[in-house]
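For reference, the structure is listed below as structure tokens.
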Amino acid sequence: MNLHEYQAKKLFADYGIPVPEGKTAKTADEASQAARDLGGDGWVVKAQVHAGGRGKAGGVKLVKNQDALMMDTRAMLGSRLVTEQTDKLGLPIATVLVEELTDIDREFYLSLVVDRSQERITLMASAAGGMDIEQVAAETPEKILNLTVDPAAGLQPYQCRKIAFLFGLQGKQISKLTGILQQLLQLFIEKDASQIEINPLVATASGDLKALDGKINFDDNALFAHPDIVELRDQSQEDEIEAAAHQHGLSYVNLDGSIGCMVNGAGLAMATMDLVRLCGGQPANFLDVGGDATADRVTEAFRLILSEPRVKAVLVNIFGGIVRCDMIAEGIIEAFTRAGVDRPVIVRLEGTNAERGREMLRESNLEIIAVEDLEKAAKQAVEAAGETVRGTI
Ligand code: GDP
Ligand code: MN
């Protein structure tokens, strides 16, 4: 789960990490009031969407007076922001963050992520922060410092100094940075984050350090322990189909291919997607209908897959281990009538009562292609989707 920038900054502030003063607004009038409350003779207006790259896409505006503030706010609110990190449709802007202007001296990059290969939290830092960090990572990766945090010892003072020197900080700035890093780590651990990014962390003209941007991702599997975080969820920023799937307890990830995949078990789902690709097709999604693939779940899964117009064919690959294949077949047949399936469906059933399940599908007279062999099933799906089938594997 992701947060908006203003929500991330609120958490930063709660943990004592300095951020600029700011207020959110949902109308131009509210933005104007926010600016008056903040005072000063200039502000930053920032579109609140779950994506980076806003600065380059017109989602971050520096304004010098109320007229400009109202104009930029009006242009943003109600529109969709397309950035390098969104799809072509972009994300809806329902809120802007109005902030006091910060007098930036230098911009740094800071992030904390879980490095699964090391089973540790890793700190990444670069003195070349700001809007071109992707380019820095691609062209001059040596400018990004990686430090592993030892879970027993925590973040060490020498590690913090290393980052401070990399940033060219001096005097009090060094202890300020150390404080920020320690607090960030505490936030990361206490809230079960999977990633926190501050880009940019800035040194101001007066020597202060401030988080000017903030992104936090949380580990979805730990959200049950953090109702305060769950409350911050903004579903308008999430993929609609993924959100609907989530509500039905289905694991679904939208992809950009043409073959809808309905599979039980995450491992089998991955293997099925691999096979589809090896046979020349492109999966439209990852979907794990789970261990109890009941008629209701199968129906809902069909609905979700078919709500995506890109899907040209559906490949169902179910292994009846705990569930019986005849029950699955019943579910598929029921789903057909209830979900109104209008595209070719290829079904491969294997496991307990598989033969009976295939028979039922055949006898149903529905337009279902029941196939025994998984590779053949994948090839049929690729063909049905109008793609060129690739040779044997
Ligand atoms: P992103 O493009 O989505 O990552 O949005 P950011 O919040 O990082 O803003 C993009 C850029 O806007 C930053 O790198 C800064 O250069 C600039 N910016 C943001 N706030 C201020 C501010 O208060 N003063 C100045 N001068 N620049 C700002
Ligand atoms: Mn940023």
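Taking θ as phi - 60° and the Karplus parameters 6.51, -1.76 and 1.60, the scalar couplings of region 221-233 work out to 6, 9, 5, 4, 8, 10, x, 5, 6, 4, 4, 7, 4 Hz in sequence order, x denoting glycine and proline. In order along region 151-157, phi translates into HN-Hα couplings of x, 7, 7, x, 6, 8, x Hz, rounded to whole numbers, per the Karplus curve 6.51 cos²θ - 1.76 cosθ + 1.60 with θ = phi - 60° and x for Gly and Pro. In the chain, inverting the average of 1/r over every pair of distinct C-alpha atoms gives 23.8 Å as the Kirkwood radius.
The residues of the chain have, on average, 48 Å² of accessible surface per residue, using a 1.4 Å probe with all protein chains present. Considering all C-alpha pairs of region 145-276, those separated by over 20 Å amount to 62%. Listed values for region 311-324 are Karplus-derived 3J(HN,Hα) couplings in whole Hz (6.51 cos²θ - 1.76 cosθ + 1.60, θ = phi - 60°), namely 5, 9, 7, 10, 10, 9, 10, 10, 9, x, x, 7, 7, 8, and x replaces Gly and Pro. Within the accessible area of the chain, the carbon and sulfur atoms contribute 50%, probe 1.4 Å, all protein chains present. Note on region 344-393 and region 178-245: Cα centroid distance 44 Å, given to the nearest whole angstrom. Accessible surface ranking for Met262, Met273, Met131, Met327, 1.4 angstrom probe, highest first: Met131, Met327, Met273, Met262.
Once you sort the root eigenvalues of the Cα gyration tensor of region 239-384 as a ≥ b ≥ c, which label holds: rounded (a/c under 1.5), prolate (a/b larger than b/c) or oblate (the other case)? Verdict is rounded for region 239-384. Each Cα pair under 8 Å and six or more residues apart adds its separation to the average, and for the chain the resulting relative contact order is 12 percent. Could you work out how far the C-alpha centroid of region 49-127 sits from that of region 132-171, in angstrom? Cα centroid to Cα centroid, the span is 22 Å.
The values are calculated or read from the model by the stated rules, or taken from the named source; none is laboratory data. This is a predicted model, so every value here is computed, not measured. What goes into the accessible areas is simple: the full protein's heavy atoms, side chains included, and nothing from ligands, DNA or RNA. Shrake-Rupley method; radii C 1.70, N 1.55, O 1.52, S 1.80 Å.
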